[in-house]
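**Student:** Quick one: this structure, given as structure tokens, is what I'll be asking you about.
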Amino acid sequence: QVQLVESGGGLVQAGGSLRLSCAASGRTFRPYPMAWFRLAPGKERNFVAAIRCSDGSNYYADYVKGRFTISRDNAKNTLYLQMNSLTPEDTAVYYCARRSGYAIVTTSSGYDYWGRGTQVTVSS
């Protein structure tokens, strides 16, 4: 089994930055991809970014491309999300998740382990 714990959320002004972390324990997150999703009030859970831990290749949702960077440290079993140029529309609970297969997908159903989430609030 895999346990995921997110951290690094908080309150930030528009234009600011935050770095989220997701610590994995139990089985290493290799070789399956890892991803970040977010859930805003009244919205569905949306895909943010994913990374293949085997080679570091990544994929981003259009609304975060150029602003967010996903990365990982396999030695520490830790996933990161560097978020820059934040806007109020980025306000949400951010979750990390582990893919249940080898290919990157953008649907929640494609991931089998989830953290409890960390709140990100961006003020105007």
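The values are calculated or read from the model by the stated rules, or taken from the named source; none is laboratory data. On a predicted model such as this, the values are computed, not experimentally measured, just so you know. Note that we place each Cβ from the backbone using ideal geometry, even for glycine, and neighbour counts take in every protein chain shown. Surface accessibility is based on the protein's heavy atoms, side chains included, excluding ligands, DNA and RNA. Shrake-Rupley method; radii C 1.70, N 1.55, O 1.52, S 1.80 Å.
**Student:** All but one of (1) out of contact with any strand residue (DSSP E or B) (no Cβ under 8 Å at 6 or more places or on another chain); (2) surrounded by 14 or more Cβ atoms within 10 Å (Cβ to Cβ) hold for R38, so report the exception by its number.
**Tutor:** (1)
**Student:** Something else: Need the failing condition index for R27 against (1) open to solvent by 60 Å² or more (accessible area, probe 1.4 Å); (2) of a type in the set (D, E, K, R); (3) closer than 18 Å to T69 by Cα, just the number.
**Tutor:** Condition not satisfied by R27: (3).
**Student:** Can you tell me which condition L11 does not meet? The list is (1) open to solvent by 20 Å² or more (accessible area, probe 1.4 Å); (2) in a loop (DSSP other than H, G, I, E, B); (3) touching a residue at least 24 places away in the same chain (Cβ under 8 Å); (4) farther than 19 Å from W114 by Cβ, and all the others hold.
**Tutor:** (2)
**Student:** Right, next: Can you tell me which residue within the stretch 81-100, out of those that are open to solvent by 10 Å² or more (accessible area, probe 1.4 Å) and either of a type in the set (A, V, I, L, M) or touching a helix residue (DSSP H, G or I) at 6+ places or on another chain (Cβ under 7 Å) (or both), is farthest from N58 (Cα to Cα)? Break it down into steps so the answer makes sense when it comes.
**Tutor:** Start the filter on the stretch 81-100 by keeping residues that are open to solvent by 10 Å² or more (accessible area, probe 1.4 Å), which leaves 82, 84-85, 87-89, 91, 93, 95, 98-100.
Restricting the remaining residues to those that are either of a type in the set (A, V, I, L, M) or touching a helix residue (DSSP H, G or I) at 6+ places or on another chain (Cβ under 7 Å) (or both) gives 93, 99-100.
Working: V93: 21, R99: 13, S100: 16 Å.
Per the criteria, the residue is V93.
**Student:** Kindly provide the set of residues from the stretch 7-55 that are under 22 Å from T107 (Cβ atoms) and small (G, A, S), ordered by number.
**Tutor:** A24, A35, A40, G42, A49, A50, S54, listed by residue number.
**Student:** Can we say R19 is open to solvent by 60 Å² or more (accessible area, probe 1.4 Å), part of a strand (DSSP E or B) and not aromatic (F, W, Y)?
**Tutor:** yes
**Student:** Separate question: Counting just the residues of the stretch 41-56 that are among the hydrophobic types (A, V, I, L, M, F, W, C) and either assigned to a strand (DSSP E or B) or touching a His at 6+ places or on another chain (Cβ under 9 Å) (or both), which one comes out surrounded by the fewest Cβ atoms within 10 Å (Cβ to Cβ)?
**Tutor:** Ranking the candidates gives F47 first.
**Student:** Further question on the same structure: Please enumerate the residues belonging to the stretch 101-124 that are β-branched (V, I, T) and loosely packed, with under 13 Cβ neighbours inside 10 Å.
**Tutor:** The one that is β-branched (V, I, T) and loosely packed, with under 13 Cβ neighbours inside 10 Å: T107.
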